[in-house]
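The values are calculated or read from the model by the stated rules, or taken from the named source; none is laboratory data. These numbers come from a predicted model, not from an experiment. Positions of Cβ are generated from backbone atoms using ideal geometry, with glycine treated the same way; all protein chains shown enter the neighbour counts. SASA here: full protein model, heavy atoms, side chains in, ligands and nucleic acids out. Shrake-Rupley method; radii C 1.70, N 1.55, O 1.52, S 1.80 Å.
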Amino acid sequence: MPLDPQVEAMRAERESHQVPQLYTQTLAEAREADLASIRAAGGEVEPVHHVEDVTTDDGLPLRVYRPDLAGPLPTLVYFFGGGWTLGSIDTADGISRQLANAVPCQVVTVGYRLAPEHPFPTAVHDCHKATQWIAAQPHVDPARLVVGGDSAGGNLAAAVTLLARDNGPELAGQLLVYPNTLYGSDTISMRKGTDPYLFNNTSVGWYWKHYLTDPADGQNPLASPLLAESHANLPPALVITAEYDPLRDEGEYYAEKLHAAGVPTTLSRYEGMVHGFFAMSGILDGGKKAMAEASTWLARTFADA
């Protein structure tokens, strides 16, 4: 189907204002512009019963969103997107608040270190160590622990499940929203993703260039989870993709890999949507629908754990 009318309007506005692509800016400019764009499209900031900034024993920053429920609580450990290069706890604030209220569950966002200052595999190990630390906290029910993220955050969530399978903690699920799963992907969606006013294949290459110090690292399953030797015994997954996203096919291939390995997997493609729509529930109905689907899946996953 064609671009969703709301997406088309957003794209037309970007074109009329000649909004520069993030990859044409300095890192400092791109990080600032990314946060401003996400805040503008995220809608009204929802209040949550308790929000607190804490740090792990290793000094990694976390933000905890806790609904008014008796603990220990079902908990989603969330990794923000931004190509491992942009993004922060603040860019995931809207998503975290909405999920905490809608599920309801505790959401903990991890402030992992960014590339190129801290290249692969720093972010993966930051996220895994943080997940282990979170699992041991008194407000967390370790039997109801899910990891998730969007874009690069989805990549990190998938990588963390691979590490956790052998090194703990035990996970009840994985929420993967348009995840990167394969370095150097040459899929149909990647080849077609050239629109200069949307997230495109040049964007993808720019992020990978910052993340990997050596292209050979892209063959590591912790960078490209699709290349893992086995996907068996991973936690149940919800994989959300967007029709007009360069990452669409590799996300859907990953869902197929999980399903083939016996992992209970739900794949949900949003027609007419583009990369980033999950964080745009303030302006895109598709974002609202995906948020509702994720919330319903999380609630069911926690109930089944």
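A compact table of results
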{"read-out": "Enumeration of residues in the range 82-110 that are open to solvent by 10 Å² or more (accessible area, probe 1.4 Å) and assigned to a loop (DSSP other than H, G, I, E, B)", "value": "82, 87, 88, 89, 103, 104"}
{"read-out": "Some residue of the range 172-192 being of a type in the set (S, T, N, Q), over 20 Å from residue 276 (Cα atoms) and touching a helix residue (DSSP H, G or I) at 6+ places or on another chain (Cβ under 8 Å)", "value": "no"}
{"read-out": "Selection from the range 11-62 of residues that are in contact with a Lys or Arg (Cβ under 9 Å, 6 or more places away or on another chain) and of a type in the set (Val, Ile, Thr)", "value": "45, 48, 51, 54, 56"}
{"read-out": "Residues of the range 141-164 that turn out to be closer than 15 Å to residue 109 by Cα and either touching a Gly at 6+ places or on another chain (Cβ under 6 Å) or open to solvent by 10 Å² or more (accessible area, probe 1.4 Å) (or both), as a count", "value": "7"}
{"read-out": "Residue in the range 1-18 that is least open to solvent (accessible area, probe 1.4 Å), counting only those that are modelled with pLDDT of 95 or more and of a type in the set (A, V, I, L, M, F, W, C)", "value": "7"}
{"read-out": "Residue match in the range 204-211 (condition: free of Cβ contacts under 8 Å to residues at least 12 places away in the same chain and among the charged types (D, E, K, R))", "value": "yes"}
{"read-out": "Among residues of the range 246-303, those that are part of a helix (DSSP H, G or I), of a type in the set (Ser, Thr, Tyr), surrounded by 21 or more Cβ atoms within 10 Å (Cβ to Cβ) and within 16 Å of the chain's Cα centre (by Cα), counted", "value": "1"}
{"read-out": "Subset of the range 39-65 that is within 18 Å of the chain's Cα centre (by Cα) and more than 22 Å from residue 105 (Cβ to Cβ) - its residue that is surrounded by the most Cβ atoms within 10 Å (Cβ to Cβ)", "value": "41"}
{"read-out": "Residues satisfying the stated conditions in the range 165-179, i.e. touching a Pro at 6+ places or on another chain (Cβ under 9 Å) and open to solvent by 10 Å² or more (accessible area, probe 1.4 Å)", "value": "165, 169, 170, 171, 172"}
{"read-out": "Contacts under 7 angstrom Cβ, first residue in the range 135-148 being part of a strand (DSSP E or B), partner at pLDDT below 95, 6 or more apart", "value": "143/305; 144/305"}
{"read-out": "Sole exception among (1) open to solvent by 20 Å² or more (accessible area, probe 1.4 Å); (2) in a helix (DSSP H, G or I); (3) touching a residue at least 40 places away in the same chain (Cβ under 8 Å); (4) not charged (D, E, K, R) for residue 197, by number", "value": "(2)"}
{"read-out": "Residue that is outside any loop (DSSP other than H, G, I, E, B), hydrophobic (A, V, I, L, M, F, W, C) and more than 17 Å from the chain's Cα centre (by Cα), where the choices are 70, 28", "value": "28"}
{"read-out": "Residue match in the range 101-124 (condition: basic (Lys, Arg), touching a strand residue (DSSP E or B) at 6+ places or on another chain (Cβ under 9 Å) and modelled with pLDDT of 95 or more)", "value": "no"}
{"read-out": "Every residue from the range 125-140 that is farther than 28 Å from residue 290 by Cβ and either of a type in the set (Phe, Trp, Tyr) or in contact with a strand residue (DSSP E or B) (Cβ under 7 Å, 6 or more places away or on another chain) (or both)", "value": "133"}
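Residue by residue, here is whether (1) assigned to a helix (DSSP H, G or I); (2) of a type in the set (A, V, I, L, M); (3) closer than 19 Å to residue 229 by Cα holds:
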| position | (1), (2), (3) |
| --- | --- |
| 155 | yes, no, yes |
| 160 | yes, yes, yes |
| 170 | no, no, no |
| 185 | no, no, yes |
